[in-house]
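A short worksheet on the structure shown next.
The values are calculated or read from the model by the stated rules, or taken from the named source; none is laboratory data. These numbers come from a predicted model, not from an experiment. Heads up, the Cβs are rebuilt from the backbone with ideal geometry, glycines too, and the neighbour counts pull from every protein chain shown. Note: accessible area is taken over every heavy atom of the protein model, side chains too, but ligands, DNA and RNA are not part of it. Shrake-Rupley method; radii C 1.70, N 1.55, O 1.52, S 1.80 Å.
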Amino acid sequence: MRAGRARGRLPTRQRRPRLLAEPQRLTASGHVSECSAANVFLVKSGVLHTPSVEQGILPGITRATVLDLARGAGITVVERPVAHAELHAADELFVAGTATGVVPVESLDDRPTTTRGAGPVTAALRDAYRQPAAGRHPAAADWLTPVGG
């Protein structure tokens, strides 16, 4: 838990719900905010939903990239408070972070999610994310900074 995020921390007994074996952080109002090193996204009826930065999440580069890629692919994006129960009802559920990229969530609260593996939106965003991350996307020149020799 990072400093300044303790208000969203649940007692250990209540933190058992897992996204990729890590606890979700909740806002003071009990909405999902993020995981320790990844942002949470859900897809319902083809619309991508994710907690808004007003929920106290880290407005990271990977999150912004996924949102840009989704909008560029014509996927409607809604940034808003997300209730924990919505994660179970989602058509697709994934997390995205710098170290992991876009990764589908296959179980939550020790129950399988609706889609095993990557659903169509998750797969499209995962594949689209890999392109600029590898320097093979028209926007990559703006998104990447070469290092080394």
| Verdict on Pro81 being touching a helix residue (DSSP H, G or I) at 6+ places or on another chain (Cβ under 7 Å), over 19 Å from Thr50 (Cα atoms) and of a type outside the set (S, T, N, Q) | no
| message | Give me the residue from segment 98-114 that is part of a loop (DSSP other than H, G, I, E, B) and open to solvent by 50 Å² or more (accessible area, probe 1.4 Å) and, out of that set, farthest from Cys35 (Cα to Cα). | response | Thr114
| remark: Note on segment 46-76: residues of a type in the set (A, V, I, L, M) and open to solvent by less than 40 Å² (accessible area, probe 1.4 Å) are Val47, Leu48, Ile57, Val66, Leu67, Leu69, Ala70, Ile75
| For segment 129-145, does any single residue satisfy the condition of being closer than 21 Å to Ser45 by Cα and either exposed (fewer than 15 other Cβ atoms within 10 Å of the Cβ) or acidic (Asp, Glu) (or both)? | no
| message | Only one of Gly135, Gly117, Gly149 is modelled with pLDDT under 70 and not in a strand (DSSP E or B). Can you tell me which? | response | Gly149
| task | Would you mind telling me which numbered condition in (1) in contact with an Asp or Glu (Cβ under 7 Å, 6 or more places away or on another chain); (2) open to solvent by less than 10 Å² (accessible area, probe 1.4 Å); (3) modelled with pLDDT under 95 Val43 fails? | result | (3)
| message | Can you confirm whether Gln24 is of a type in the set (S, T, N, Q), modelled with pLDDT under 90, surrounded by 13 or more Cβ atoms within 10 Å (Cβ to Cβ) and closer than 19 Å to Pro104 by Cα? | response | yes
| task | Just name the residue that is nearest to Ala134 (Cα to Cα) out of those in segment 106-120 that are touching a residue at least 40 places away in the same chain (Cβ under 8 Å) and in contact with a helix residue (DSSP H, G or I) (Cβ under 8 Å, 6 or more places away or on another chain). | result | Leu108
| query | When you go through (1) touching a helix residue (DSSP H, G or I) at 6+ places or on another chain (Cβ under 9 Å); (2) under 20 Å from Leu58 (Cβ atoms); (3) not in a helix (DSSP H, G or I) one by one for Tyr129, which number turns out not to apply? | reply | (3)
| query | Taking only pairs six or more apart or across chains, which ones have beta-carbon atoms under 9 Å, a first residue in segment 77-91 that is buried (at least 17 other Cβ atoms within 10 Å of the Cβ), and a second residue that is charged (D, E, K, R)? | reply | Leu87/Asp109; Ala90/Lys44; Asp91/Lys44
